[in-house]
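Data block below; observations after.
The values are calculated or read from the model by the stated rules, or taken from the named source; none is laboratory data. Because the structure is a prediction, the values reported are computed rather than measured. Neighbour counts are summed over all protein chains in view; Cβ atoms, including those assigned to glycine, are modelled from backbone coordinates with ideal geometry. These area figures cover heavy atoms from the full protein model, side chains too; ligands, DNA and RNA do not enter into them. Shrake-Rupley method; radii C 1.70, N 1.55, O 1.52, S 1.80 Å.
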Amino acid sequence: MKKRIINYPLITLITLIIFLYGCEKDKPTIYEIELKDNWSFQKVGDSAWLNATVPGSVHLDLLNNKIIKDPFFRLNEHELQWIDKEDWQYKTNFEVSENELSMQNLELEFLGLDTYSKVFLNDSLVLQTDNMFRSYIIDCKHLLKKGKNTLQVLLESPIKKGIKKHDKVGYKFPESGNDLAEIGKVEKDKKVGLFTRKAGYHFGWDWGPRLVPSGLWKPVKLRGWSHHKIKDLFIKQNRLASVASLTAMIEVDVKTASKETEIEVFVNKKSIKIVDVELINGKNTLKIPFEIKNPELWWPNGMGKQVLYDVEVKINSNSYTDSKSHRVGLRTIELITEADSLGSSFYFKVNGHAVFMKGANYIPQDQFQSRVKKSNYEFILNSAKDANMNMIRVWGGGIYENDEFYDLCDENGLLVWQDFMFACAMYPGDESFLKNVKQEAIENVKRLRNHTSIALWCGNNENQWAWQNWGWKEGVAKEQSQEVADIMWKSYDDLFHKILPEVVNQYDNDRAYWSSSPSSALGKKISFTKGDYHYWDVWWGKKPFENYNTAIPRFMSEFGFQSFPEFSSVKKYTNPEDYDVYSEVMKSHQRSSIGNVTIEEYMLRDYKKPKDFESFLYVSQLLQADGVNIGFEAHRRNKDICMGSLYWQLNDCWPVASWSSIDYFGKWKALHYKAKKSFRNFLVSYENNEESVNVFVVSDSINNTNAQLNVRLIDFEGNELKQWNKNITITGNSSESHLELIKNDFLNDTISNKVLLYTELRSNNKVLSENIMYLVPKKELALTTPKITYSIRENKNQFIVELKTDRLAKNVFLSTNSTHNFSDNYFDMLPNSKKNISIKKDQLDDIESFIDSLRVITLVDSYDD
């Protein structure tokens, strides 16, 4: 027999050897696929199965199959209340190979099931769930077979399940009015949301719809592994100095014990430590200390860079390997609550420096969370960064956000005040409920604790305030009994004073826990002199915006005012016959019980009556921006007392009139542009007294700065009537009045409605801050129509608009057909000035179309003379 000899090229032979050697040495421990194909769904009782998308929800699948119309358009929401009272089921099939079945462990992971579900694998019941905030892993090797396998998920109606729980309780919980059971057409208007571990806003809120989804709202994964699997990795920071001391806290599940296991730690892909350990069967907990030399610190937005280290831990054992990594920023953070002359402080220190927190409250970006993509997270959080924010509060009536959200907060220097998911309610306290919540808390604290951005864990939103200050405590005792009131408070105490702080202390004890927002201390009533505060006398109390100047708490974690989206956004959810703020459609897209009437009431205090619907929308945004900005500036001027200004709210979950600064379609409102100016590191601010005007300079920089403060009194035609100039040294992290302007020296009744104060703060030929003060209410200003001219040019990425005006142009608003936002808008232009603004250009945009769609208006265009 003749031998056949194959001559491989040398390089191929070497490659083959390396490949085989590598495979033998480092068999991957983990096999994982996402089960996202072949899904279908049906209403229980129907015969037909329809195509479904996972992750997703019943509402979206009905919409995609053209069974229902857009829930957000006009009044469609009201016609869709049948959906949440039905049971639904989903199914898919997937292949499993002999190779996968040979692995020691096979498991299914459900990252999010909303909410009451029964899961069947090959017709065997393997899981029942009742918490959308938890993930579930089930061992399933014994049920899987080679070839085709079937997975089916039954989703039971959250309303029917909620009614059973509601009726089972022998007393009635107090109501906040946010559960919109009347719109939901629930029997006897029963408010059942609080009984279910599900996002509170699904049941409605005073800015949200009543659309209660069910679905597999996060991915489903099939995972196989052999020998060992890293279950969790926590990079704990011990000490920061010239060398950073850290510990990798590792949880490892092991199927095969091993006396010779190598653990290797990498920082930015460089191996820095190797240790040998022994693994035993079952759960292993390991602690591996390591160091980073000459560490670079992570800083909040506006204070420095956001340096993130890529830390990876790899475990090699018996030729199997598994690894897990996190991006970690090195920084210290403390919540300082110390007794002082006023009461007790409430502020954050980062890397040893007190930091004034500037930011907003965040709600989920869509009623149907699976529609929110990474690009949506990038837009909303880049918008927060661009507005010079350094803190986002994740509010307790929504969700523990997806990992992409916190990754972007880490990258953008946005600290996160993280509520646990409880809001505006008293909750059950039975053993099953508390056990469920405890596991929810453990999972989410462990998932999020590696994120540098997490600054604080907070137990709930307004639950304690409602009990102690809204009449709930007294009402329950009077209308039911003191015994019932005591039961409710015990449930509260168990949950927010015991279970949640114990979880934080056990799993993330370097961060502070605050039991409730707002509160002055654990279980203590709200106070202006202690803790954090939600101030709603403006809006709900109908108090004037000027109250913000005197209502100064230690930390303002909520305040705000409503406005409408701009006209281009409103047109997307209405028809022309709806163009009246009191039309049925516009009233339905306003969920505050005092909404549109209150906007109009405040508007007519400060502005002339708008001439039409579009003008009303525009002026509502000016009203919101100027009103809330009084709060921004007052909080910052008084930073010796108050060290945080978080307005309500950053964004919307559907198209609506609300407190947001960015509407559902991504359009920045006037408020967002105002926040961008007022949240800069340096702020010029006026304190308007009866006889004088104090000019303050506020600095959030940690360094001293030499600057020039220039104040001009000018009329609306551009004539300068008086000027004040002063060279100043701005002390780091301070607020100080640098000029006092006596009104009798420059003001009289004949000119007060025709002049303004313009202040500019400059350093090294750079404008650090500028601000305008008008000396009478806006409706009394003697405005005339400015002659605004503009020219447009383009580059590869932008259109640039250069505007010029001959006289004061108040609240210049530019609109186009573009979905993007201008670099500035709703701004005032001084007489004889020019200004360049830009807007992103999409690939298919052309300058002619942009010019044709561009519209420029000012405040004088909003009313009839």
All but one of (1) part of a loop (DSSP other than H, G, I, E, B); (2) touching a Pro at 6+ places or on another chain (Cβ under 9 Å); (3) not aromatic (Phe, Trp, Tyr) hold for residue 183, so report the exception by its number.
(1)
For the stretch 511-527, which residues satisfy the criterion of being touching a Ser or Thr at 6+ places or on another chain (Cβ under 9 Å), buried (at least 17 other Cβ atoms within 10 Å of the Cβ) and in a loop (DSSP other than H, G, I, E, B)?
518, 519, 520, 526
In the set 445, 437, the lone residue that is of a type outside the set (Ser, Thr, Tyr), farther than 26 Å from residue 327 by Cα and in a helix (DSSP H, G or I) is 437
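Taking the stretch 184-241, which residues are of a type in the set (Asp, Glu) and closer than 30 Å to residue 315 by Cβ?
In the first step, residues of the stretch 184-241 are kept if they are of a type in the set (Asp, Glu); the result is 187, 189, 206, 232.
Once the filter is applied, which keeps residues that are of a type in the set (Asp, Glu) and closer than 30 Å to residue 315 by Cβ, the stretch 184-241 yields only 232.
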Would you mention how many residues in the stretch 436-464 are open to solvent by 10 Å² or more (accessible area, probe 1.4 Å) and in contact with a Cys (Cβ under 9 Å, 6 or more places away or on another chain)?
2
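Select, from 816, 858, the only residue that is within 15 Å of residue 568 (Cβ to Cβ), more than 27 Å from the chain's Cα centre (by Cα) and buried (at least 19 other Cβ atoms within 10 Å of the Cβ). Steps first, answer last, please.
Numbers: 858 fails: within 15 Å of residue 568 (Cβ to Cβ).
Within the list 816, 858, the selection yields 816.
Residue 663: touching a Leu at 6+ places or on another chain (Cβ under 9 Å), under 30 Å from residue 456 (Cα atoms), modelled with pLDDT of 95 or more and acidic (Asp, Glu), yes or no?
Working: touching a Leu at 6+ places or on another chain (Cβ under 9 Å): no; under 30 Å from residue 456 (Cα atoms): yes; modelled with pLDDT of 95 or more: yes; acidic (Asp, Glu): yes.
When the stated conditions are applied, residue 663 does not pass them.
Might you check whether a residue that is of a type outside the set (Lys, Arg) and open to solvent by 60 Å² or more (accessible area, probe 1.4 Å) occurs anywhere in the stretch 380-393? First the steps, then the outcome.
Going residue by residue through the stretch 380-393, those that are of a type outside the set (Lys, Arg) are 380-384, 386-392.
Filter once more, so that each one left must be open to solvent by 60 Å² or more (accessible area, probe 1.4 Å): 382, 386.
Yes, that holds for at least one residue.
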Spans of strands (runs of 3 or more DSSP E) in the stretch 242-340 with at least 3 residues open to solvent by 50 Å² or more (accessible area, probe 1.4 Å) and within 15 Å of residue 232 (Cβ to Cβ)
282-293, 320-328
Condition first: among the basic types (Lys, Arg) and outside any loop (DSSP other than H, G, I, E, B). Now tell me which residues in the stretch 624-641 satisfy that.
636, 637
Long-range neighbours under 9 Å by Cβ, at least six apart or interchain, first residue without any contact (Cβ under 8 Å) to a residue 24 or more places away in the chain within the stretch 328-348, second of a type outside the set (Gly, Ala, Ser) and surrounded by fewer than 15 Cβ atoms within 10 Å (Cβ to Cβ)
336/349
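When you look at residue 64, is it open to solvent by 40 Å² or more (accessible area, probe 1.4 Å) and more than 28 Å from the chain's Cα centre (by Cα), yes or no? So that I can check it myself, show each step before the final result.
Values: open to solvent by 40 Å² or more (accessible area, probe 1.4 Å): yes; more than 28 Å from the chain's Cα centre (by Cα): no.
For residue 64, the condition - open to solvent by 40 Å² or more (accessible area, probe 1.4 Å) and more than 28 Å from the chain's Cα centre (by Cα) - is not met.
Within the stretch 582-595, take every residue that is more than 24 Å from the chain's Cα centre (by Cα) and open to solvent by less than 10 Å² (accessible area, probe 1.4 Å) and give me the one that is nearest to residue 618 (Cα to Cα).
We begin by selecting, within the stretch 582-595, every residue more than 24 Å from the chain's Cα centre (by Cα); these are 582-588, 593-594.
Okay, now just the ones that are also open to solvent by less than 10 Å² (accessible area, probe 1.4 Å), so 585-586.
On the way: 585: 18, 586: 15 Å.
Selected residue: 586.
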Could you check the stretch 17-63 and list, in sequence order, the residues that are modelled with pLDDT under 95 and either assigned to a loop (DSSP other than H, G, I, E, B) or touching a helix residue (DSSP H, G or I) at 6+ places or on another chain (Cβ under 7 Å) (or both)?
26, 29, 31
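Got a sec? Which of 664, 673 is under 29 Å from residue 839 (Cα atoms), touching a Cys at 6+ places or on another chain (Cβ under 8 Å) and either part of a helix (DSSP H, G or I) or open to solvent by 40 Å² or more (accessible area, probe 1.4 Å) (or both)?
Numbers: 673 fails: touching a Cys at 6+ places or on another chain (Cβ under 8 Å).
Unique residue meeting the criteria: 664.
Every residue, every condition in (1) outside any strand (DSSP E or B); (2) closer than 29 Å to residue 93 by Cα, yes or no:
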| site | (1), (2) |
| --- | --- |
| 138 | no, yes |
| 145 | yes, yes |
| 148 | no, yes |
| 153 | no, yes |
| 163 | yes, no |
| 167 | yes, no |
| 170 | yes, no |
| 174 | yes, no |
| 178 | yes, no |
Output the residues belonging to the stretch 200-230 that are among the hydrophobic types (A, V, I, L, M, F, W, C), touching a helix residue (DSSP H, G or I) at 6+ places or on another chain (Cβ under 8 Å), open to solvent by less than 10 Å² (accessible area, probe 1.4 Å) and in a loop (DSSP other than H, G, I, E, B).
211, 212
Being open to solvent by less than 40 Å² (accessible area, probe 1.4 Å) and either over 38 Å from the mean Cα position of the chain (by Cα) or basic (Lys, Arg) (or both) is the filter here, so list the residues in the stretch 729-742 that pass it.
739, 741
Residue identified as open to solvent by 60 Å² or more (accessible area, probe 1.4 Å) and in contact with a helix residue (DSSP H, G or I) (Cβ under 7 Å, 6 or more places away or on another chain) among 188, 91, 146, 141:
146
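What about residue 628, is it under 14 Å from residue 538 (Cα atoms), open to solvent by less than 10 Å² (accessible area, probe 1.4 Å) and either among the hydroxyl-bearing types (Ser, Thr, Tyr) or touching a helix residue (DSSP H, G or I) at 6+ places or on another chain (Cβ under 8 Å) (or both)? Outline the logic, then answer.
Numbers: under 14 Å from residue 538 (Cα atoms): yes; open to solvent by less than 10 Å² (accessible area, probe 1.4 Å): yes; either among the hydroxyl-bearing types (Ser, Thr, Tyr) or touching a helix residue (DSSP H, G or I) at 6+ places or on another chain (Cβ under 8 Å) (or both): yes.
Judged against the criteria, residue 628 is a match.
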Failed condition for residue 48, given (1) open to solvent by 70 Å² or more (accessible area, probe 1.4 Å); (2) farther than 24 Å from residue 664 by Cβ; (3) of a type outside the set (Val, Ile, Thr)
(1)
